[in-house]
Amino acid sequence: MALKIYQPGIQPLGQFDVVDGYLSSTYIKGGEVGTLFAVARTNSTTEKAAHDALDGYTNVTDVKRAAVAPRVNASTARPIWLLDEGTTGYGTLFGQVIGTPTGLSTTGTNLGPHTAAASGKVTCWDKPGVYGVSIDAVDTTASTGLALTNSSCDPGAAIYPLPTGKLTQSTGTKVDVVVGRFIEFETSPFLVTTPASLVGATEAAVNVVFNFTVES
């Protein structure tokens, strides 16, 4: 669904184009990590960018430009950034409306497409800070992912990326670079709702809270 901004680093990066193959909410729900890739400088049917993003260059023998994708192909890949697009709330171009028509909807309706759809760009958080990620945007494998059923999800536990950029706690397919430290799960992060634990109900995590910092 979306990245949640708690105590972030300041001044996120907003100038980077997304590799077109990843320019949808299927690949960027908000809260994945990604890095830079080299793509063609000329627009084509498979790779396009706004004109300001086309004025970028690499070496003269293989002239390309930089773009971001929610992929981490190797533990040595740098920089690694936290990607901030989403599918609900401020993650859609015009946000979300609740109650349309008056009083008849409680779930909300998205207004407009995925935020990256308009500009082709993705907002990247590069500085350490505390963030939340909705549970549908992380690896939730029961025994190894970011799940309430994983006994290793203790405060301070290392968080890694999968090659797809999704965050995980520990799994055989992880990329071996620590991108943050687990803090806690949130099951009901609103003061106007009753936590499941107070009424004997089963708790279900909605967000993962973690400290984002890439460790060498």
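The values are calculated or read from the model by the stated rules, or taken from the named source; none is laboratory data. The model shown is predicted, which means the values in this text are computed figures rather than measured ones. Please note: Cβ atoms are built from the backbone with ideal geometry, for glycine as well, and neighbour counts cover all protein chains shown.
Each residue in segment 11-30 was checked for being closer than 23 Å to ILE159 by Cβ, touching an Asp or Glu at 6+ places or on another chain (Cβ under 8 Å) and not aliphatic (A, V, I, L, M), and 4 pass.
Looking at ASP20, ASP62, can you tell me which residue is among the acidic types (Asp, Glu), modelled with pLDDT of 90 or more and over 14 Å from THR123 (Cα atoms)? Testing whether each residue is among the acidic types (Asp, Glu), modelled with pLDDT of 90 or more and over 14 Å from THR123 (Cα atoms) leaves just ASP20. Scanning segment 56-78 for residues that are in contact (Cβ under 8 Å) with a residue 12 or more places away in the chain and more than 24 Å from ILE28 (Cα to Cα) yields a count of 4.
Filtering segment 129-149 to residues that are part of a loop (DSSP other than H, G, I, E, B), surrounded by 21 or more Cβ atoms within 10 Å (Cβ to Cβ) and not small (Gly, Ala, Ser) leaves VAL138, ASP139, LEU146.
Looking at segment 163-182 only, could you name the residues that are out of contact with any Asp or Glu (no Cβ under 6 Å at 6 or more places or on another chain), assigned to a loop (DSSP other than H, G, I, E, B) and surrounded by 16 or more Cβ atoms within 10 Å (Cβ to Cβ)? Spell out how you get there, then give the answer.
Initial filter on segment 163-182 (out of contact with any Asp or Glu (no Cβ under 6 Å at 6 or more places or on another chain)): 163-164, 167, 169-177, 179-182.
The next check asks that each one be assigned to a loop (DSSP other than H, G, I, E, B); those that pass are 163-164, 169-177, 179.
The answer is THR164, GLN169, SER170, LYS174, VAL175, VAL177, VAL179.
Would you tally the residues in segment 23-40 being modelled with pLDDT under 90 and either closer than 25 Å to VAL177 by Cβ or of a type in the set (Lys, Arg) (or both)? Spell out how you get there, then give the answer.
Pass one, segment 23-40, residues modelled with pLDDT under 90: 23-30.
Filter once more, keeping what is either closer than 25 Å to VAL177 by Cβ or of a type in the set (Lys, Arg) (or both): 23, 26-30.
Counting residues in segment 23-40 that are modelled with pLDDT under 90 and either closer than 25 Å to VAL177 by Cβ or of a type in the set (Lys, Arg) (or both) gives 6.
For segment 111-128, filtering for residues that are part of a strand (DSSP E or B) and either of a type in the set (Gly, Ala, Ser) or more than 27 Å from THR100 (Cβ to Cβ) (or both) leaves 3.
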